Amino acid sequence: MESIDINSLISDLALILVLGAVATVIFKMLKQPVVLGYIVAGFLASPHFALLPSVAVEANIEFWAQIGIIVLLFSLGLEFSFKKLIDVGGSAIITALIIVLGMMSLGFIVGKFLGFGLVNSIFLGGMISMSSTTIIIKALSDLNMRQRRFVPMTFAVLIVEDLFAVVMMVILSSIALNNSVKGHEMIGSILKLSFFLIMWFTVGIFVIPTLFKRFKRYISNEQMLIISMGLCFAMVLFSVKSGFSAALGAFVMGSILAGTVEAERIERLISPVKDLFGAVFFISVGMMVNPAVMTSHWSVIALLAVVVIVGMIVFGTFGMIATGQPLKLAMEAGFSLTQIGEFSFIIATLGTGLGVLDKSIYPIIVAVSVITTFTTPFFIKQAIPCYNMLVKVLPKTWTRLLNGYSQTVTESETSETIKLWKSMITRYVTRVVVYSVVITTLIILCRTYLMPLLLNWLDGGSLGRITCALVSLVIIMPFIAAIIMPSVKRSELDMLSQSKSLASDVPIVIMTIFSIVLSIGFIAFILQGVYTSAVAVIAAIVMVIIGLFVIKKLPGPLRYRMNQIEKQFISNINERENRRTGHDNNLVSNLHLAYMTVGHDCPFIGDRLRNLDLRSRYGVNLVNIERAGRLFKVPSGEMRIFPGDILGVIGTEDQIQRMLPLVEAQLSLAETADHDEKFIHFAISQQSPIIGQRLENARLREDYGALLVAVQRGENEYISPTPDLIFNADDILWIVGSPKRLAPLKGLQDTRRPAED
């Protein structure tokens, strides 16, 4: 075993981190993405830049970079959850699919045109098919456009793209290992991936949230960090042992933990770890930049930059239109996706590590990313002018057709019957897929471990196989029963019966028949090892028919237990959602305890509790407030509400649902965006531009991107903002916003630094 040179390891790490710190500070001052600063730092630390010392052993940096990829994917998984995937809906999934498939095809064509080989062309398509979430959020924040209508839909597409990117890495790994594209091998890889993903999610979602809830009182922040990172690396190891990439395992474990109530806590704890190792990864990307290669391939870089920008605009806009979005919104979203970033680097690192990617492609992709990063704000601002030009030249018939299509899709999505069918089919498919994977896993385990053991004990022969088959049937029967049991609720049947259409019964009949056929298939597969195929099928049919009668007469406790297991699984999936709505935290009668996080646009911010009078206005009772890890039980009426507070509220389901949008106003965008807003307070002087103005005319949101929480006059007088509030000199503003943008409000003669709260 080779010894590790500790001195070179420490010196290399010190060099890249110092350069990274200096470069990122400079890029922050220039209002450019920090990622670009890391890339520049990597170039300065590489052998290609002779004016500074270079890294002594590049293998040291590659080691840390691999850990960086794992932590980055784990962090991305924590931001991704089943709830988010359901919330973004089919529109975002279809749009992302159109973008990814379109850009991959375009990249493959361009790669073949440039003379790249088959595998290199496929990797090139993968690298230019993913927009950068980090860069888009940064650009929208700098342009103060996070409140625009197209932004939530754009973020939804980015969420789905992250999932596609992880799947793509698995497929690309398979292609690289086989050095070819074979249809049956590709389908096999996808099926294997799907099987393991569902198996991991099923086991993880059922076990991990349950353990967290049971041992919550014993888990401190230090232990939670160790547990979460331990689970991450354990899943990475299991993923690699199963033939998949380490990045996939990290993303999967992050996604499992994202559904737990501890997700925000874990995100907060691993944030420094992610920042450190993520920085090392992006610095390692910069070390791959070779000016000689970039100079000799400038035409290729320019061509790919144009392909990325034009392709993303075309496919992004088309994808949005195809899912029923208005032309204006579709173009705004499409023009905001015109760049590539972190996933391009990860895919390039994957190809380089597998030894299938041409070394010249890496610096080319880095250069394309840098160019498209700088051009992103420009194209975001050009979306509306381009839309206005297009509307002028577009035939009126086309405009009416697009508007009519968008309206039709919107109306169909809001139809109660359509929503009901979507809910029923989603629940049915989820149940069938999850239980099928569980049954398949149990059959594989029985065939792999139980059968050899029984054959050894019973000296081989048919007795061992029969015993194994019987044991397998006993183990899987509860899950077979779960598949056969009706998944449609009585209330849903009553709603559908009101349509008085025979067509409404057809999907239910189809789902029932499919469940029965699937159950027969599983049982026949087990019996096939003992009997002939015909006998196995006949025996399976008889057993399922008997099972249908038995299920109807199941004892109450047994049926209740089966329903409880399924409810526990569903509850674990929606644990975070249930916590904020109180759905599964029923106290007495119809009263629920919900925990909701105060958003930056909550109308209660800065108000005293005694002035809010939540009980008379909303019918709810505030029982506690959690702020910065500190819990205030039964808070006093003098306590104020601030952004980020977690409110423990007791009320009925309707009362909580009415209050949630107010409390969590703009929460999703505030959490997602990379902003520098802070809750600060400062005094305004006579020279302040808002002195003597009414609040409604001060344009605090429009000109300063700020939210006024309260105005302090004197020692203890706090005034809640109203439209007719007039600002006076020496007023102390308690306000949420960027300190730099708020500086002019203080007045030219007031040079005091705003105090952070």
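Please give me the summed charge of the neighbours of residue 721: other residues whose Cβ is under 12 Å from its Cβ, Lys and Arg +1, Asp and Glu -1.
Overall, the nearby charge balance is -2.
Compute the separation of the alpha-carbon centres of region 680-699 and region 191-253 and state it in Å as a whole number.
51 Å
Would you mind checking the pairs 381/746; 28/359; 213/274; 328/381; 192/241; 31/740 and listing those with alpha carbons more than 21 angstrom apart?
381/746; 28/359; 213/274
For residue 229, what is the net charge nearby, where nearby means another residue's Cβ is under 14 Å from its Cβ and Lys, Arg count +1, Asp, Glu -1?
Overall, the nearby charge balance is 0.
Are there any GluC sites (Glu not before Pro) in region 636-665 that are in a DSSP loop and have at most 14 other Cβ atoms within 10 Å? List them by number.
638
Check residue 645: other-chain or 5+ apart residues with amide H under 5 Å from its amide H, H built from backbone geometry?
Under 5 Å from the amide H of residue 645: 598.
If you count, for each residue, the other Cβ atoms within 10 Å and average over each peptide, how do 195-206, 149-160 line up from highest to lowest?
149-160, 195-206
Can you list the HN-Hα couplings for region 539-550, worked out from phi with the Karplus curve (6.51, -1.76, 1.60; θ = phi - 60°), rounded to whole Hz and with x for Gly and Pro?
4, 5, 4, 4, 5, 5, 4, 4, x, 4, 6, 5
What are the residues whose amide H is under 5 Å from the amide H of residue 632, where those residues sit 5 or more places off or on another chain and H is modelled from the backbone?
625, 626, 627
So if I take the centroid of the Cα atoms in region 340-377 and the same for region 599-631, what is the distance between those two points in Å?
47 Å
Could you derive backbone 3J(HN,Hα) for region 441-451 from the dihedral phi with the Karplus parameters 6.51, -1.76 and 1.60 (θ = phi - 60°), listing whole Hz in sequence and x where the residue is Gly or Pro?
The phi angles translate into 4, 5, 5, 4, 5, 5, 5, 7, 10, 6, 4 Hz.
Amide H neighbours of residue 709 under 5 Å, at least 5 residues apart or on other chains, H built in the peptide plane: list them.
Those lying under 5 Å, H to H, from residue 709 are 734, 735, 736.
So, in nm, how far is label residue 18 from label residue 455 when the simple model puts each one 7 Å beyond its Cα toward the Cβ?
The two pseudo-label positions are separated by 6.4 nm.
Every read-out reported here was derived from the displayed coordinates using simple, explicitly stated rules and does not represent laboratory data. Owing to the predicted nature of the structure, the values given are computational and were not obtained by experimental measurement. In this analysis, Cβ positions are derived from the backbone assuming ideal geometry, glycine residues included, and neighbour counts consider all displayed protein chains.
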